[in-house]
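Following: one structure in structure tokens, then a few remarks.
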There are 2 protein chains.
Amino acid sequence: MSSLWSPFVNSLKPYVPGQQSATSGIIKLNTNENPYPPSPRVQDTLRQLDADFLRLYPDPESTELSACIASYHNVEAGQVFVGNGSDEVLAHAFNAFFRQDKPLCFPDITYSFYPVYCRLYNIDFKMIPLDDNFVIDWTRYPEEAGGIIFANPNAPTGIFQSADDIERVLQAHPNTVVVVDEAYIDFVKPDATGSDLSAIPLLAHYPNLVVTRTVSKSRSLAGLRIGYALASVELIDGLKRVKNSFNSYPVDAVASAVTQASFADEDYFQSTCQRVVDNREQLVAALASLGFASLDSSANFIMARHATRPSAEIYAALKASNVWVRYFNAPRLKDFIRISIGSADENAELLSSLKRILAVDN
Amino acid sequence: MSSLWSPFVNSLKPYVPGQQSATSGIIKLNTNENPYPPSPRVQDTLRQLDADFLRLYPDPESTELSACIASYHNVEAGQVFVGNGSDEVLAHAFNAFFRQDKPLCFPDITYSFYPVYCRLYNIDFKMIPLDDNFVIDWTRYPEEAGGIIFANPNAPTGIFQSADDIERVLQAHPNTVVVVDEAYIDFVKPDATGSDLSAIPLLAHYPNLVVTRTVSKSRSLAGLRIGYALASVELIDGLKRVKNSFNSYPVDAVASAVTQASFADEDYFQSTCQRVVDNREQLVAALASLGFASLDSSANFIMARHATRPSAEIYAALKASNVWVRYFNAPRLKDFIRISIGSADENAELLSSLKRILAVDN
């Protein structure tokens, strides 16, 4: 703290991301990264870029990338807002929509950046407990909320709510912006009935809906920092006003070109997502055989707790074996470890370390 | 405007950047871009990047890039803060330092994003007129300012203040954060006496000083979005608290690698800056012969006004000839056009268009 800071800086409680590693030899299952590389078209694009064009500012409106995303999701280009990772998009959304005279409502267990944004923008908020099964209990959300936000699938539980659930929320709160953070939606197993998994089709009917997405996880592009929001033109315009009061050019020219290359390779995208889903199902089963119960995850991570051994201890023993998972020392979460889904080899290494730690083989 | 926006969104007056062009054949001298490409090492780095590493989040602290910048400027790594362009760095600085109970002071003619940030963060501000020669009059800055910010060289005047001037400001305002925005400092002609041009050496003595820089202009990397601040560890920590409450990972992995490649090629950097300075001197002389007077620029642009012909008319006629310069329809600025320094060929095209417009040949 410093007398030279703006006084509010002392009141901030910055977000703490999962640890990154500069060393090799780590089985890194702690920050929900994709174990598979991005589409080969990403490598081709990087190789073919003419560096000369970097001397020019990028398009401040990210017109091409927005059009690409709009076409992919079958919405209008004016319904797309692109930012420097979905964290930046979410930050602008909190500022643009949630500074209201009634409190913003979100689950007590969800992406832990949400209360951080509230402190940054002095937004009153109310954290509403998940039920005993870690599912959102919509009956507890007040009719007169200043806004609603949740992740779907939720993080770090991995639990998915159907689009029908979300439509009921939108109907119950027509005068409130509802943000659905779909960072993990691409890892939901397709519904047998063919129902929509995403809230995106609801955009056509609900002008108060914002859906946020990221290319970090399902497109293996966490290193690039591209996220986006889809919403009514009216809400996107609000985001643009805030963005254009903060940074005219948040999206760099390389990231824009590379992201478009990823969107052009649907087959690779689908097959990578499927591999992660398959690995998840296998890992859940293998963990069960070691005495772990997992929450029903639709994301690229699972929350698991062992029948007898404390999670903090397992987390530390894994770390000592160079297998990194994440542990949240928080109420209700401290019983679990969160494991990002690795490749088949990484998951095998994890299981082998767990067997040794749990002395299953002894 | 929308009833779903946070009410403050209506009060914003977003920044309007200079126009970017998707078409070729434009002589683009409107947004202070470098006419020369970045170092060849930038192209090599792009070609050699392994796309696989993009699946991982970048280092949230930009440790390697910060160390590279610290070493280049001979400061400690803890004195460096890297962001998504200097616009983002400036935005965080306004939030972290200038939300005070006394008004922030800056020149009436300077980077026009400053008042935009003030509206975004509800910062009281006072614009203090430049003197009749467009020079900052320090005697008009109140002792009890809530903060001071100015660009040096100033934009869009191009006028440079010596490090001695800046030291006097720091001495007069020891309890106030002073931000010196050095976006254009690399285009100042070296002093014949060898004096420091930058305020960076003053960091050793003034814990209230922040110097901001960008790689957009002098390093020909506007497309990448990398800027940084240098300051005392105490002030950098304030910036980090705000940044970590906004976006954990603002700097993407490609931009970080490419920027380091640029810093490793000092010879290329120096020679490019020198070419821009040489082109500026030649352009000023050539414009004088066409009846233009220019402010004394130390930047990669000049503010010029013609003896008899209105600037708005010249601006429009140039645009019709596919030569883009910038025109500010604002008090005291509307007499000028701002011309970014192009390559020798671009400047020749500009001069030829101007001759035709002014009918000098007729």
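The values are calculated or read from the model by the stated rules, or taken from the named source; none is laboratory data. What you see is a predicted model; the values in this text were computed from it and never measured. Cβ placement follows ideal geometry from the backbone for every residue including glycine, while neighbour counts extend to all protein chains displayed.
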- [ ] For segment A:170-177, state whether one or more residues are more than 14 Å from chain B (Cβ to nearest Cβ), at pLDDT below 95, surrounded by fewer than 23 Cβ atoms within 10 Å (Cβ to Cβ) and farther than 28 Å from residue A:61 by Cβ.
- [x] no
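Pick from segment A:137-161 the residues that are β-branched (Val, Ile, Thr) and out of contact with any Asp or Glu (no Cβ under 8 Å at 6 or more places or on another chain): which of them is surrounded by the most Cβ atoms within 10 Å (Cβ to Cβ)?
Step one: filter segment A:137-161 for residues β-branched (Val, Ile, Thr), giving A:139, A:148-149, A:157, A:159.
Going one step further and asking which of them are out of contact with any Asp or Glu (no Cβ under 8 Å at 6 or more places or on another chain), we end up with A:139, A:148, A:157.
Numbers: A:139: 8, A:148: 25, A:157: 28.
The extreme case among them is A:157.
Looking at segment A:287-294, can you tell me whether even one residue there is assigned to a helix (DSSP H, G or I) and in contact (Cβ under 8 Å) with a residue 12 or more places away in the chain?
First, the residues of segment A:287-294 that are assigned to a helix (DSSP H, G or I): A:287-289.
Now restrict to residues that are in contact (Cβ under 8 Å) with a residue 12 or more places away in the chain: A:287.
The answer is yes; a qualifying residue exists.
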Open item on the list: Suppose the filter is touching a residue at least 60 places away in the same chain (Cβ under 8 Å), more than 19 Å from the chain's Cα centre (by Cα) and more than 10 Å from every other protein chain (Cβ to nearest Cβ); does residue A:228 pass it?
Closed with: no
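Do we find that residue B:238 is over 21 Å from the mean Cα position of the chain (by Cα), of a type outside the set (Ser, Thr, Tyr) and at the interface with chain A (Cβ under 7 Å from one of its Cβ atoms) in this structure?
Working: over 21 Å from the mean Cα position of the chain (by Cα): yes; of a type outside the set (Ser, Thr, Tyr): yes; at the interface with chain A (Cβ under 7 Å from one of its Cβ atoms): yes.
Against the criterion (over 21 Å from the mean Cα position of the chain (by Cα), of a type outside the set (Ser, Thr, Tyr) and at the interface with chain A (Cβ under 7 Å from one of its Cβ atoms)), residue B:238 qualifies.
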Task: Extreme residue, surrounded by the fewest Cβ atoms within 10 Å (Cβ to Cβ), among residues of segment A:178-206 that are small (Gly, Ala, Ser) and more than 24 Å from residue A:302 (Cβ to Cβ) - done: A:194
TODO: Go through (1) at pLDDT below 95; (2) in a helix (DSSP H, G or I); (3) more than 10 Å from chain A (Cβ to nearest Cβ) and name the single condition residue B:23 misses.
DONE: (2)
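Among the candidates B:48, B:20, which residue alone is of a type in the set (S, T, N, Q) and out of contact with any Asp or Glu (no Cβ under 8 Å at 6 or more places or on another chain)?
On the way: B:20 fails: out of contact with any Asp or Glu (no Cβ under 8 Å at 6 or more places or on another chain).
Criteria check complete, one pass: B:48.
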- [ ] Given the conditions (1) under 29 Å from residue A:20 (Cβ atoms); (2) crowded, with 17+ Cβ neighbours inside 10 Å, report the number of the one that residue B:314 does not fulfil.
- [x] (1)
Open item on the list: For segment B:325-362, give me each residue that is without any contact (Cβ under 8 Å) to a residue 12 or more places away in the chain and not in a loop (DSSP other than H, G, I, E, B).
Closed with: B:345, B:348, B:352
Open item on the list: Going residue by residue through segment B:199-215, is there one that turns out to be within 14 Å of chain A (Cβ to nearest Cβ) and more than 26 Å from residue A:7 (Cα to Cα)?
Closed with: yes
Open item on the list: Please go through (1) modelled with pLDDT of 95 or more; (2) touching an Asp or Glu at 6+ places or on another chain (Cβ under 9 Å); (3) over 25 Å from residue A:236 (Cβ atoms); (4) not hydroxyl-bearing (Ser, Thr, Tyr) for residue A:109 and return the number of the only condition it doesn't satisfy.
Closed with: (2)
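Could you tell me which of the residues B:61, B:33 is crowded, with 18+ Cβ neighbours inside 10 Å, at the interface with another protein chain (Cβ under 8 Å from one of its Cβ atoms) and closer than 23 Å to residue B:255 by Cα? Give the derivation first.
Working: B:61 fails: at the interface with another protein chain (Cβ under 8 Å from one of its Cβ atoms).
Just a single option satisfies the conditions, and that option is B:33.
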Open item on the list: Just to verify a result, which residue in segment A:109-142, among those that are within 22 Å of residue A:31 (Cβ to Cβ) and assigned to a loop (DSSP other than H, G, I, E, B), is nearest to the chain's Cα centre (by Cα)?
Closed with: A:111
- [ ] Check A:151, A:96, A:91 and return the single one that is among the small types (Gly, Ala, Ser) and more than 10 Å from chain B (Cβ to nearest Cβ).
- [x] A:151
- [ ] Report the residue count in segment A:36-53 for those that are within 8 Å of chain B (Cβ to nearest Cβ), acidic (Asp, Glu) and closer than 18 Å to residue B:53 by Cα.
- [x] 0
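Determine which member of the set B:72, B:57 is in the same structural domain as residue B:173 (by TED's automatic domain parsing) and assigned to a helix (DSSP H, G or I).
Working: B:57 fails: assigned to a helix (DSSP H, G or I).
Going through B:72, B:57 in turn, just one is in the same structural domain as residue B:173 (by TED's automatic domain parsing) and assigned to a helix (DSSP H, G or I): B:72.
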TODO: Considering only segment A:301-341, state which residues are under 24 Å from the mean Cα position of the chain (by Cα) and among the β-branched types (Val, Ile, Thr).
DONE: A:302, A:323, A:325, A:337, A:339, A:341
Task: Single condition residue B:215 does not satisfy, out of (1) under 29 Å from residue A:258 (Cα atoms); (2) not assigned by TED's automatic domain parsing to the domain that holds residue B:174 - done: (2)
Open item on the list: Take the residues in segment B:243-278 that are touching a residue at least 60 places away in the same chain (Cβ under 8 Å) and among the acidic types (Asp, Glu); name whichever of them is nearest to residue B:225 (Cα to Cα).
Closed with: B:252
Open item on the list: So residue B:164 passes all but one of these: (1) acidic (Asp, Glu); (2) touching a Leu at 6+ places or on another chain (Cβ under 9 Å); (3) surrounded by fewer than 21 Cβ atoms within 10 Å (Cβ to Cβ). Which condition number does it fail?
Closed with: (2)
